[in-house]
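To keep things clear, I will list the structure first and then write my remarks on it.
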Amino acid sequence: MERKKEDPEVSARLQEECRARGWTQKNLREELDISRTFASQIWNGSVPLGPKTLRRLAELGFDLNWLISGQRMMGDFTQDQINKIQEELKQLRYYNKQLERLIKEIGRNDDDVREARRGPEDSAIDAGENR
C-alpha cells in the first residue's frame, strides 16, 4: 500500500511561512517537538499534515487556511498590522469591561434612588407593619 503524500503546494507554503519567520527545518522540528525524520517528511511533503501537527502549527500562529488552501484568513496583512489590530482589540476589551462596570454601578445607584423615593410608609407596608 502506497503512503499518502501531502499536496506539494502545502509543503511549499509551510516552508515559505517558516522562512518568513527565519526558521529552518530544525527550528520547525524543535517547535513542533517532532523527530528529525518526521520533520523532514512534512517539510518535503512526503506525508500529509495530521490533526495534531495542524493544531500545533495553529498554536504557533500559522494561518492553517493559507497553508491548506492558499487563501489567507487575515488577507495580506503584515505582522505589524496584525499586531496593531490585536492591540486595538485588547484596548476595546478593556473599555468594554469598564463600560460593563459602569452600567452595573448605574443600576445599583438606580436601585438606591428607587428605595429612597419609596419613603418610610412604603417600607412599613412591605414589612407588614401597617395593616
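Worth pointing out:
- Between Asp110 and Gln25, the modelled label-to-label distance comes to 6.5 nm, taking each label 7 Å out from Cα in the direction of the beta carbon.
- The gain in end-to-end length when the Gln81 to Asp7 segment is fully stretched comes to 23.7 nm, 0.36 nm per residue minus the alpha carbon separation.
The numbers here are math on the coordinates, done by the rules we state, and not lab data. Since the structure is predicted, the reported quantities are computational estimates derived from the model, not experimental observations. Using ideal geometry, Cβ is built from the backbone for each residue, glycine included, and neighbour counts are taken over all protein chains shown.
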